[in-house]
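Heads up, the thing below is written out as structure tokens.
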Amino acid sequence: MECPVCGQMNADDASVCLSCSQRLPSYLGGVSIDTSRAEDKTPMVIAGNIDFPLPPGKTPAPAQPASPPPPKSEKPASLRFPKPSLPKIGIGKATTPAEEAPSQTDAFDEDDPFPTKPPSRPSASLSSGSPSPFSPIAPPPPPVDPLPMVAPMSRPAHMIYAGFWYRFLAWLIDIVILGIVLGALGTVVMVVSAAFAVRGSDFSASSLALIFGAYGLVVFMNVVASLLYFALSESSRWQATLGKLAIGLKVTDAYGKRLSFLRALARFVSHIVSNLTFGIGYVLNVFTARQQTLHDLIAGTLVVYKEVTPTDLIDNQEVPARASQKVSVMLVWMMSVMLVLTVFVVARSLVGMPAHQASGVSVRIHEAEMLGAEATAAVSFYQEKHGRFPLTLEAADFYQTSPQVRRVWIDADSGVIRLELAFAPLRKKTLEFVPEIDDEGDLIWVCRSSDIDPKHLPEHCR
């Protein structure tokens, strides 16, 4: 590039002449101004590579001398200007409006290309001594805590596991339902079998076998129906039988999950063990940590309220029954045991009474028979000595000594000895000993009775 002052040729991108240090023409906005001294030159405006002639009477504006570049050591203008001053705010000291409001001289000048202060903002009175929220030194607002996670309210501990009496009531409802349905079904089966067994007046062993077979079928149906009822109900999505649904209970595993069919079946079969313990397997409900019976412990199951969740079971691992429930269950169990024992003893005594009476009658009649044998021996000795029967037994030196015989006497003509008994149920009944002559001519005595039931008599007296 040629210098317009001294004519020195410089590089195309040079900004200062190497000879005279005159600033070379600069390109501002893509338009360069030719400042050469040639007077005969037509004024032109150079824009890029195209020269545009000026209108007549117009002369190009003289080129402004370019200011020298700032030294490299100087900072940019944005950094050389002082930073805006910050107001000093004292803690615990109230500021006046005059101190807060900026002066007119500090106001932001929109025409100033290099503002030294930021625009002022209206600030509220800090009567409490805290810095303004617009102040650069104001502390950041405290972090807003998110809403706390509200944990679901846990159920009361005593409303987690089902107690003894609630379970007993649910079982009672199930038994009534099964009894009505299976009783009606069993009655229909027995009536139909009896109708086929007894046709007209023909009743044989095959008819009896048909009736017994029908009874066995009814028992088998009851067992299978009960098993399927409890197993399918407790493994269904309701997790409960009709009785438990009515009370608001359900059956789960140890973790609150639904039972499988096999586990529900095992729980039903385990009732046999609870029954064999004379009811103790059921009483365990009030002594275990999670109110489980013996069949619950065997099958690993729980009986809880319907609204109980697995979380409730985790939070309440040990919730034994209350003391009042323990006392009531133990009292009822002991009373039930005493009642069952009493019924058993009474029933046994009633069943064994005829046999016992028969045994007592046989013993007593045997004692009376022995007394009659002594009388016959005395009379035989007297008859052999005197050739006739005595008028009285005292004449033959025989005396009545048994409490089982009321009185004893002899018929002198026939020699028959009679004993009147003194014990029930043969009181005032007569046992007779009749003399007879055998084939060899010896005197023998035959025992008999006309008013005593043969079943009470010894075999040789019948």
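Of the residues making up region 303-334, those that are open to solvent by less than 70 Å² (accessible area, probe 1.4 Å) and over 18 Å from Tyr166 (Cβ atoms) number 2. Sub-6 Å Cβ pairs linking a first residue in region 245-274 that is under 22 Å from Phe168 (Cβ atoms) to a second residue that is surrounded by fewer than 16 Cβ atoms within 10 Å (Cβ to Cβ) and among the polar types (S, T, N, Q), at least 6 apart or interchain, number zero. How about region 426-462: which of its residues are closer than 26 Å to Leu391 by Cα, touching a residue at least 12 places away in the same chain (Cβ under 8 Å), part of a loop (DSSP other than H, G, I, E, B) and open to solvent by less than 70 Å² (accessible area, probe 1.4 Å)? The answer is Lys429, Ser449, Asp451.
Beta carbons closer than 7 Å, at least 6 apart along the sequence or on distinct chains, pair a first residue in region 410-425 that is at positive phi with a second that is among the β-branched types (Val, Ile, Thr) for Gly415/Val379. Across region 2-34, the number of residues qualifying as surrounded by 15 or more Cβ atoms within 10 Å (Cβ to Cβ) and modelled with pLDDT under 75 comes to 4. Restricting attention to region 245-264, the residues that are over 21 Å from Gln317 (Cβ atoms), assigned to a helix (DSSP H, G or I), in contact with a Ser or Thr (Cβ under 8 Å, 6 or more places away or on another chain) and open to solvent by 20 Å² or more (accessible area, probe 1.4 Å) add up to 1.
Taken together, the residues in region 242-296 that are within 25 Å of Gly179 (Cα to Cα) and of a type outside the set (A, V, I, L, M) amount to 20.
Could you grab me the full set of residues in region 144-168 that are modelled with pLDDT of 90 or more, open to solvent by 50 Å² or more (accessible area, probe 1.4 Å) and touching a helix residue (DSSP H, G or I) at 6+ places or on another chain (Cβ under 6 Å)? Of everything in region 144-168, just one residue is modelled with pLDDT of 90 or more, open to solvent by 50 Å² or more (accessible area, probe 1.4 Å) and touching a helix residue (DSSP H, G or I) at 6+ places or on another chain (Cβ under 6 Å), namely Tyr166. Candidates Val379, Val363, Val416: the one that is open to solvent by less than 60 Å² (accessible area, probe 1.4 Å) and under 21 Å from Arg462 (Cα atoms) is Val416.
The values are calculated or read from the model by the stated rules, or taken from the named source; none is laboratory data. If you're wondering where the values come from, they're calculated on a predicted model, not measured in any experiment. Neighbour counts are summed over all protein chains in view; Cβ atoms, including those assigned to glycine, are modelled from backbone coordinates with ideal geometry. Heads up: the accessible areas ignore ligands, DNA and RNA and are worked out on the full protein's heavy atoms, side chains in. Shrake-Rupley method; radii C 1.70, N 1.55, O 1.52, S 1.80 Å.
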